[in-house]
1. Say we look at region 68-81 and pick out the residues that are part of a loop (DSSP other than H, G, I, E, B) and at negative phi; which of these is surrounded by the fewest Cβ atoms within 10 Å (Cβ to Cβ)?
2. Among the candidates Ala367, Ala338, Ala312, which residue alone is under 25 Å from Thr55 (Cα atoms), of a type in the set (Gly, Ala, Ser), touching a residue at least 12 places away in the same chain (Cβ under 8 Å) and in contact with a helix residue (DSSP H, G or I) (Cβ under 9 Å, 6 or more places away or on another chain)?
3. Can you tell me which of Arg117, Arg135, Arg130 is charged (D, E, K, R) and either in contact (Cβ under 8 Å) with a residue 24 or more places away in the chain or closer than 30 Å to Gly178 by Cβ (or both)?
4. Take the residues of region 81-100 that are under 12 Å from Thr147 (Cβ atoms) and of a type in the set (Gly, Ala, Ser): which is modelled with the highest pLDDT?
5. Name every residue in region 141-171 that is of a type outside the set (A, V, I, L, M, F, W, C) and in a loop (DSSP other than H, G, I, E, B), in order of residue number.
6. Look through region 217-235, keep the residues that are out of contact with any Gly (no Cβ under 8 Å at 6 or more places or on another chain) and touching a residue at least 40 places away in the same chain (Cβ under 8 Å), and return whichever of them is farthest from Thr50 (Cα to Cα).
7. Exactly one condition in (1) out of contact with any strand residue (DSSP E or B) (no Cβ under 6 Å at 6 or more places or on another chain); (2) part of a helix (DSSP H, G or I); (3) at pLDDT 90 or above; (4) not charged (D, E, K, R) is not met by Ala177; state its number.
Amino acid sequence: MTAKSDQPLQPFSRPVGEWFSSRFGAPTDVQAQAWPRIAAGEHVLLTAPTGSGKTFAAFLWSLDRLLTGEWEAGGTRVLYVSPLKALGNDIRRNLTEPMAEIGEYFTSVAQPMTAIRVESRTGDTPQSARRRMQRSPPEILITTPETLNILLTSKSGRRLLTGLRCVILDEVHAVAAGKRGVHLITAVERLTMLSGEIQRIALSATVRPLDRMARWVGGFTTEGRPDDPTYHPRRVSVIASHAPKAIRLEVVLPSKETETDKREPDAFWTSFGRQLRTSIVHNRSTLIFGNARRSVEKITRFINEAGPERLAYSHHGALSREIRTVVEQRLKDGELKAIVATSSLELGIDIGAIDEVVMVQTPPSVASTMQRLGRSGHGVGETSRGRLMPLLGRDLLEAAVVARCVVAGEIEKIEPISGALDVLGRALRDGQDIGPLPSPPPPTLRSGPPDACRSFRQQQDPQPPAPGEHRRRRRYDPTPPRR
């Protein structure tokens, strides 16, 4: 853990420091702890409740170095990796406004300011924008773990990532426990082969244990001969906010009205929709979470059927990006009262101020509950207000346990995957600088794969079925065989 500096804005240039003081006043607890460490070039893991300014704490020092010209422009210097494409788009919008405001302070003190660009590179990026990035790389590049690995497999992508000074890994709790996290952290290691040692800044609101995650973020450096290297772990400073986050979490059962007229097939959901609609009307904006797409669509339907006005829209991964964007913007603009979502809105996508979060059925984990609850009262010093609404008896028991853990701040431990040889093999393969195939190609490529490289299906089913026949999977028969 680190101690808070008495003058956290001292490392910044005068225009940036004056802008921050006039716009926000005093830094938050996590910002005051982080900036001296980040300015010193240390690798850091920031953990603080949602809405405490973690992301801005990670970016402001890089913005200061770029705007003042301390870091050379004309190439990508900062790489931001987010597990969600939409989250990256929000970051780009949220950086553009502060840079415009800071420019006025540079003008007031007659200090030159370097023009910098922020671009997003994901699977949705048009080809014209990708070519423009190759010709003129942005100083700040926003991407996802999958796109980062794709960039590392091409020469043009590696040229784009040469010269980095800092990499920011956001919402690391969402990827660290799976193969996606292995792909991400191996890609970061490969970045050091292109840009040398770069500063690593990891962010999360719900990650435990901190020392284990710090080792995962830092990785290892090597010394000695390539055939007999010596490994040394990188030192990562853990910065945990001590400022308490005000939360108000209730466990609310469906109203007694839902128990009447059970002969009606939709009696429960009709009454439950009226109960949710009453809560929505009393709030300016409400975010309702469900654990599955089917339940999300059902909840949305019965909320809207409970009154003459359409109050809620669904939001999940099966909807197109354009529809999700319109729904998010309508809620942000105040044209929509509520959104019913799956985990698609669990992370910090900007949808404006949320008065209350309603979680229908208990989320799958305590960390997920805290992430969803944090969407309400997202600003600094605000209270996160939410309700857990269990539907079944066992769900009520889980809700009580989860609510107690949320109040106590007890989060599940994350154990990153180790020994992922499949990811290692892919990284070694993608790391090779493969040249063009000879002309004509080798016989093995012209005549098809050899027997040793046939697919698993070819090896298991070498004979095609006769005309009119179809192979079926053998059903499991619970009846024991006769003796």
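1. Glu70
2. Ala367
3. Selected residue: Arg130, the only one of Arg117, Arg135, Arg130 that is charged (D, E, K, R) and either in contact (Cβ under 8 Å) with a residue 24 or more places away in the chain or closer than 30 Å to Gly178 by Cβ (or both).
4. Ser82
5. Matches in region 141-171: Thr144, Thr153, Ser154, Thr162, Gly163, Arg165, Asp170, Glu171.
6. It comes out as Gly218.
7. The failed condition is (2).
Here's the yes/no breakdown for (1) under 28 Å from Ala240 (Cβ atoms); (2) part of a loop (DSSP other than H, G, I, E, B); (3) within 18 Å of the chain's Cα centre (by Cα):
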| position | (1), (2), (3) |
| --- | --- |
| Pro83 | yes, yes, yes |
| Ala86 | yes, no, yes |
| Glu104 | no, no, no |
| Gln111 | no, yes, no |
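The values are calculated or read from the model by the stated rules, or taken from the named source; none is laboratory data. Note that the structure is a prediction, hence the values are computed from the model and not measured. Cβ sites come from the backbone with ideal geometry, for glycine too, and all protein chains shown count toward neighbours.
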